[in-house]
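Scroll down for the structure; my scribbles are underneath it.
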Amino acid sequence: MQGIQANAPAGEQVPVQFVHVTRPARALLGWMQRDEAHKIQAGGRADVHTPEHEERAARARVAVASRAVGINQADVIREAPEELQEHIASLQQAPAAAQYFQQGWRVCLADLRNVCALQPSIFTDHAVERTRSVTPDDLRSIAAISLPLPQAAALPLLFDQAHQSWVLSSANPNLRIVGNWHGQVQPGLMGFGFTVSVLPSFIQVARFSNRYVLRDGNHRAYGFLLAGITTVPVLTRDFGQFEDLGLPPGLLPAAAYLGERPPAFADFLNEDVSADVLLPAVQKTIVVAGLELTTFG
């Protein structure tokens, strides 16, 4: 796809190419099926198989199988301290977060090391970026990242003259269309459009079937662990029915994180069961197009 920059000088089109790129990631090979482990090590390609990939995945599966049964989650969740009450109160007033409190979520401290991982892989560069500004010994600084309050976000905006389209793209999957509008801009001119936002995302630890799992916030959780920060403020809630968890597709099978030897989130840093890989970069794109059609009949 090719577009032009919206802030280009009048009459000057600046081509923008959207190309295939990869990004560094970590993958939990020890809990993947054989074919999936090969595919993820090959950058998402199902037609590439190498002895090195086979050996590395096999070693990871053996390491998992040799573990003791179960996972100790006795002290994963602790009550939030007094110093977080102001941040919690602000969250409860923020529209994007208020709905979680209405659904029964509450703010607690969670030890990320022993929360079970659901995602098979995470982008590591994005994880470092998301937690770069944290102050390790300041719980409120950590909460500002793990449970962020609403803030202004600059969105990369392009205009495709050939297709009369506005194009917004972001590596953040929380880029969403959140509303629409129409009205008179000036006499004789009507305006129609959409409102777009990068919705805040919160680290969420859900409890289901007596097991704590990381429902959202994987990249920040990984960034925190890399920075040596193991305990962070999160939203947490108990779930009775698996369907109520509302999990997206593409996760590890439930038998992995609810089974006898589940992946702890700290296993992303464990060379015995996980590995560095390169995966196709994922972009969330919104296209707002204006079409002129002539119809008959």
The lone condition residue 273 fails out of (1) in a loop (DSSP other than H, G, I, E, B); (2) more than 26 Å from residue 57 (Cα to Cα) is (2)
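Any idea which of 291, 252 is hydrophobic (A, V, I, L, M, F, W, C), part of a loop (DSSP other than H, G, I, E, B) and within 26 Å of residue 155 (Cα to Cα)?
Details: 252 fails: within 26 Å of residue 155 (Cα to Cα).
Only one candidate passes the filter, namely 291.
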Flagged pairs (Cβ under 7 angstrom, 6 or more apart or on separate chains; first in the stretch 276-297, over 30 Å from residue 53 (Cβ atoms) and aliphatic (A, V, I, L, M); second open to solvent by 100 Å² or more (accessible area, probe 1.4 Å) and assigned to a loop (DSSP other than H, G, I, E, B)) are 289/163
Checked against (1) of a type outside the set (A, V, I, L, M, F, W, C); (2) part of a loop (DSSP other than H, G, I, E, B); (3) surrounded by 14 or more Cβ atoms within 10 Å (Cβ to Cβ); (4) modelled with pLDDT of 95 or more, residue 200 satisfies every condition except (4)
Selection from the stretch 68-120 of residues open to solvent by 50 Å² or more (accessible area, probe 1.4 Å), outside any loop (DSSP other than H, G, I, E, B), closer than 29 Å to residue 250 by Cα and at pLDDT 95 or above yields 102, 106, 113, 114
Over the stretch 28-67, the set of residues in contact (Cβ under 8 Å) with a residue 40 or more places away in the chain, over 14 Å from residue 252 (Cβ atoms) and in a loop (DSSP other than H, G, I, E, B) is 43, 44, 67
Here the residues within the stretch 238-255 that are open to solvent by less than 60 Å² (accessible area, probe 1.4 Å) and either over 22 Å from the mean Cα position of the chain (by Cα) or more than 30 Å from residue 53 (Cα to Cα) (or both) are 239, 245, 246
Margin query: Scan the stretch 256-264 and tell me whether some residue there is within 18 Å of the chain's Cα centre (by Cα), surrounded by 14 or more Cβ atoms within 10 Å (Cβ to Cβ) and farther than 28 Å from residue 69 by Cα.
Written below: no
Scanning the stretch 153-176 for residues that are assigned to a strand (DSSP E or B), open to solvent by less than 90 Å² (accessible area, probe 1.4 Å) and under 22 Å from residue 291 (Cα atoms) gives 157, 158, 159, 160, 165, 167, 168, 169
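The values are calculated or read from the model by the stated rules, or taken from the named source; none is laboratory data. Note that this is a predicted model, so its numbers are computed, not measured. Neighbour counts run over all protein chains shown; Cβ positions are idealised from the backbone, glycine included. Quick note on the areas: whole protein, heavy atoms, side chains included, nothing else; ligands and nucleic acids left out. Shrake-Rupley method; radii C 1.70, N 1.55, O 1.52, S 1.80 Å.
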